[in-house]
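Below is one structure, written out as structure tokens; the observations come after it.
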Amino acid sequence: MNEGKRILIIEDDQEISRLLSVILAKAQMVTVFAYSGTEGLLQLQNHPFDLILLDLMLPGKSGEELIKEIREKSSIPIIIISAKVDVEDKVKVLKMGADDYITKPFNQEELMARVEVQLRKANVHPMPSAKMEWRGLKINIEKRSVMLNEKELQLTNAEFDLLTYFVNNPERALSKKEIYESIWKGTYYGDDNTVSVHVSNLRKKMSEMTDSEYIKTIWGVGFMFV
């Protein structure tokens, strides 16, 4: 299914880059290397890619700077692969628009599973008539676009998936575990801030366009879309 997918690896450690390439090559994916943030940005400007594997500590432009610049123009899936293990670092880049975060050293099977999840999300091709509406929200599943009060709401892939999940499950208390395992297709370990960070991002973007509340926090459980 993912044969021929083009993956941009932005990593200054050549050994790690080669390891990532070997892992992805087993699934017949095509890898391109960039050893600095500046080189990575040039690759993105000149060539199409399906997914980015991004280190944070890079010469030239940092990983954080790259995320910001990429998200100004593209919703391409970004998976961070970093030696930074602090929760604060993970929360920061997820808020900036990264779709997932893996710490080094990484498990090869987990890496492939997370790559496949992001590629599968980006490759969903619903029926053209697949549209959803809820209280001023209009979601076009095929175009992966969202209008809120007739204005376009710019969302990352993860935020779009989260919003459509909420709209499909309105007025129901949803646990973080349920949300995480439905969207990210992995095991939820309880201390993962992924869901909370993306909900926070989604709330912030919606609040900039409307005073209406859409996402309620249900203490001790998770969230409810209202």
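Looking at the chain, identify the longest residue range that excludes and avoids all trypsin sites (Lys or Arg not before Pro) in DSSP loops having at most 16 other Cβ atoms within 10 Å. Walk me through the numbers before you get to the answer.
Details: sites that count: LYS26, LYS73, ARG135, LYS143, ARG172, LYS185.
In the chain, the maximal stretch lacking such sites is 74-134.
Taking the beta-carbon count within 10 Å as an exposure proxy, list LEU162, LEU111 from fewest neighbours to most.
Final ranking by Cβ density, sparse to dense: LEU111, LEU162.
With θ set to phi - 60° and the Karplus curve 6.51 cos²θ - 1.76 cosθ + 1.60, what are the ³J(HN,Hα) couplings of the range 32-37 in order, to the nearest whole Hz, using x for Gly and Pro?
The phi angles translate into 10, 9, 9, 9, 8, x Hz.
Considering only DSSP states other than H, G, I, E and B, which GluC sites (Glu not before Pro) in the range 51-117 qualify as loop sites with at most 13 other Cβ atoms within 10 Å?
Details: sites: GLU64, GLU65, GLU69, GLU72, GLU88, GLU109, GLU110, GLU116; in loops: GLU72.
Of the GluC sites (Glu not before Pro), the ones in loops of the range 51-117 whose Cβ has at most 13 other Cβ atoms within 10 Å are GLU72.
Based on other C-beta atoms within 10 Å, arrange VAL117, VAL32 from fewest to most.
Working: VAL117 18, VAL32 15.
Ranking VAL117, VAL32 by Cβ neighbours within 10 Å, fewest first, gives VAL32, VAL117.
Which of SER82, SER212 has the fewest other C-beta atoms within 10 Å, and how do the rest follow up to the most?
Numbers: SER82 20, SER212 13.
Fewest-to-most ranking of SER82, SER212: SER212, SER82.
How about LYS131: which lysines have a C-alpha closer than 28 Å to its C-alpha, ignoring those fewer than 8 places off in the same chain?
List returned: LYS5, LYS73, LYS95, LYS121, LYS143, LYS151, LYS176, LYS177, LYS185, LYS204, LYS205, LYS216.
Among the GluC sites (Glu not before Pro) in the range 1-31, which ones are in a DSSP loop with at most 14 other Cβ atoms within 10 Å of the Cβ? Mind listing them?
GLU3
For helix 108-122, report the angle its Cα long axis makes with the longest principal axis of the Cα atoms of the chain; keep it between 0 and 90° and round to the nearest 10°.
50 degrees
FRET efficiency for ARG18 and ASP211, Cβ-Cβ distance as r, R0 = 41 Å, nearest 0.05? Working shown, then result.
Values: r = 52 Å, r/R0 = 1.26.
According to the calculation, E is roughly 0.20.
Report the GluC sites (Glu not before Pro) located in the range 117-209 that are in a DSSP loop and have at most 11 other Cβ atoms inside 10 Å of their Cβ, or state none.
GLU150, GLU171, GLU208
Rule-based calculations on the coordinates, nothing more; no lab input. Source: prediction; values computed, not measured. Neighbour counts are summed over all protein chains in view; Cβ atoms, including those assigned to glycine, are modelled from backbone coordinates with ideal geometry.
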